[in-house]
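The values are calculated or read from the model by the stated rules, or taken from the named source; none is laboratory data. None of these values were measured; they are calculated from a predicted model. Don't worry about glycine lacking a Cβ; one is built from the backbone with ideal geometry, like all the others, and counts go over all protein chains shown.
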Amino acid sequence: AGNRTFTIIKPNAVANNNIGNICAMIEKAGFRIIAMKMTYLSRSDAEKFYYVHKGRFFFRNLYLFMTSGPIVVMVLEKENAVEDFRKLIGSTNPEMAAEGTIRKLYAQSKTRNAIHASDSDENAAWEASFFFSDKEIIDTEYCL
Ligand code: CMP
C-alpha cells in the first residue's frame with residue numbers, strides 16, 4: 001500500500017545498460033513497481049509530456065535527448081512515494097547529487113540525468129496516465 005509516483009529511466013541510462021541497476025536501487029529502497037514498460041517518445045509526445053518546460057532555455061535539449069532512444073516508464077508505490085523517490089534520485093545537476101543517489105551514480109549532465117521523478121501527487125497521476133491505462137497499473141490490494 002501507500003501512494004504513487006511516476007518515473008522514467010532516460011535514454012542515457014538505457015543505452016548504458018543500467019535499467020537493472022536502477023530498478024534494483026528502487027526496489028531496495030522499498031518501492032514496489034506496479035507498472036512498467038519500455039517505450040520511446042516521439043517529438044510530439046515529448047512536447048506534450050514536458051509542456052510545463054516549453055519556452056525554457058533547456059527545452060530543445062530536453063526533447064532532443066528524450067527522443068534520442070528508448071526509455072523505461074514505471075509507476076512506483078510506497079508510503080510518501082513522491083518525496084522519498086526524489087531523495088533517492090538526487091539533484092537534477094549530477095554534480096550536486098548526494099552520494100548514493102541514482103543520479104550521482106548514473107547521470108552524465110543536467111540533461112542526460114538518467115532518471116525522472118514526479119514532483120507532486122497530482123503530477124504523478126497525470127504522468128502515469130500519459131503512459132499507462134488504468135488496467136496496466138497493478139492494484140496491489142487485489143493483484144499482489
Ligand atoms: P526532469 O526533472 O526529469 O524533467 C525536466 C528536465 O529538464 C530535467 O529532468 C532536466 O533534465 C532538464 N533540466 C532542468 N533544468 C535544467 C537546466 N538548468 N539545464 C539543463 N536541463 C535542465
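Where helices (runs of 4 or more DSSP H) fall wholly inside region 60-144, the ranges with 1 or more residues that are farther than 20 Å from SER44 by Cα and at pLDDT below 95 are 140-143. Taking GLY55 as the residue in question, decide whether it is in contact with a helix residue (DSSP H, G or I) (Cβ under 9 Å, 6 or more places away or on another chain) and modelled with pLDDT of 95 or more. Here the answer is no, as GLY55 does not meet what is asked.
Going residue by residue through region 49-59, is there one that turns out to be assigned to a loop (DSSP other than H, G, I, E, B), away from the ligand (no atom under 11 Å from the Cβ), under 15 Å from the mean Cα position of the chain (by Cα) and over 30 Å from ASP139 (Cβ atoms)? Checked against the condition, which is being assigned to a loop (DSSP other than H, G, I, E, B), away from the ligand (no atom under 11 Å from the Cβ), under 15 Å from the mean Cα position of the chain (by Cα) and over 30 Å from ASP139 (Cβ atoms), region 49-59 yields no hits at all. Could we say that TYR63 is within 25 Å of ASP134 (Cβ to Cβ) and aromatic (Phe, Trp, Tyr) here? In short, no.
Pairing residues of region 46-64 that are closer than 15 Å to THR92 by Cα and among the polar types (S, T, N, Q) with residues that are within 8 Å of the ligand (Cβ to nearest atom) and not in a helix (DSSP H, G or I), at Cβ distances under 6 Å and at least 6 apart in sequence or on separate chains, gives ASN61/THR111.
Counting residues in region 112-121 that are under 18 Å from ILE34 (Cβ atoms) and more than 13 Å from the chain's Cα centre (by Cα) gives one or more.
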